[in-house]
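Presented below is the structure to which this report refers.
The values are calculated or read from the model by the stated rules, or taken from the named source; none is laboratory data. Model, not experiment: these values are computed from the prediction. Quick reminder, even Gly has a Cβ in these numbers, built from the backbone with ideal geometry, and neighbours come from all protein chains shown.
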Amino acid sequence: GCGIETCDVAAVLNVDDDHLGEAGIVTREQLAAAKGLLVEIARTAVVLNAEDPLCVALATRRRGARLLLFALDPGAPAYAAHVAQGGEGATVVAAPAGPTLALCRGAARDLLLPVAAVPATREGRARHNVQNVLAAAALAHGLGIPAARIAHVLAGFRSDARDNPGRINPCEGLPFQMLIDRCHNRHGMQRLGEFVRE
């Protein structure tokens, strides 16, 4: 079941193995079905990861809410097709200031700010946080928050113990670099490993 009856916006960022084996859910498809409950109760907008086929498939469960897709790669097939048909989304585009977050609707786009200007992305090296930022921007857009306000908030959001505890938090004042991250599953460990190797 779902703990709430309705919400304004909902997002499904991924369907991975991290909760398999819990509550009788043993396949990714079953997990997607459970996560899809949020899609059904959203009244205003639904945000889905265009680079995860199980997320994209949840679009059919909307009940009148607008669909916004997000993708690191604007050329991702589901994202590109959605936007080409006039759909809304969030992605990273090439710009003079470097890779830049953008809100798109069809051919129109609002540039928010360079990826590297969002502290939580660690200059864009924490790709999983770039995905999270895209989803957050799309959610805010779905709520009608202006692009300038979204950019302002993202520019101040950090991966530290105050803003985002346990997510790539640096420990300052040591003679070596140390990060604290509560990655609680294989998927999280893979993303953290990618960031550390970057």
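From the list Gly86, Gly173, pick out the single residue that is within 25 Å of Ala57 (Cβ to Cβ), in a loop (DSSP other than H, G, I, E, B) and free of Cβ contacts under 8 Å to residues at least 60 places away in the same chain.
Answer to the check: Gly86.
Name every residue in the range 130-170 that is in contact (Cβ under 8 Å) with a residue 40 or more places away in the chain, outside any helix (DSSP H, G or I) and among the polar types (S, T, N, Q), in order of residue number.
Matches in the range 130-170: Ser159, Asn164.
Just give me the residues in the range 97-129 being assigned to a loop (DSSP other than H, G, I, E, B), surrounded by fewer than 22 Cβ atoms within 10 Å (Cβ to Cβ) and either modelled with pLDDT under 95 or of a type in the set (A, V, I, L, M) (or both), in sequence order.
Across the range 97-129, the qualifying residues are Ala97, Gly106, Ala107, Arg122, Glu123, Gly124, Arg125.
Taking Thr44, is it polar (S, T, N, Q), surrounded by fewer than 17 Cβ atoms within 10 Å (Cβ to Cβ) and at pLDDT 95 or above?
Spelling it out, Thr44 is indeed polar (S, T, N, Q), surrounded by fewer than 17 Cβ atoms within 10 Å (Cβ to Cβ) and at pLDDT 95 or above.
Does the range 130-157 hold any residues that are farther than 28 Å from Glu194 by Cα and surrounded by 18 or more Cβ atoms within 10 Å (Cβ to Cβ), and which are they? Full working, then the answer.
Applying the first criterion (farther than 28 Å from Glu194 by Cα) to the range 130-157 yields 141-149.
Passing the criteria: His141, Gly142, Ala147.
Taking the conditions exactly as written (in contact with a Leu (Cβ under 6 Å, 6 or more places away or on another chain) and at pLDDT 95 or above), does Gly144 satisfy them or not?
Against the criterion (in contact with a Leu (Cβ under 6 Å, 6 or more places away or on another chain) and at pLDDT 95 or above), Gly144 does not qualify.
Only one of (1) part of a helix (DSSP H, G or I); (2) loosely packed, with under 15 Cβ neighbours inside 10 Å; (3) modelled with pLDDT under 95 is not met by Ala81, so which one is it?
Result: Ala81 passes all but (3).
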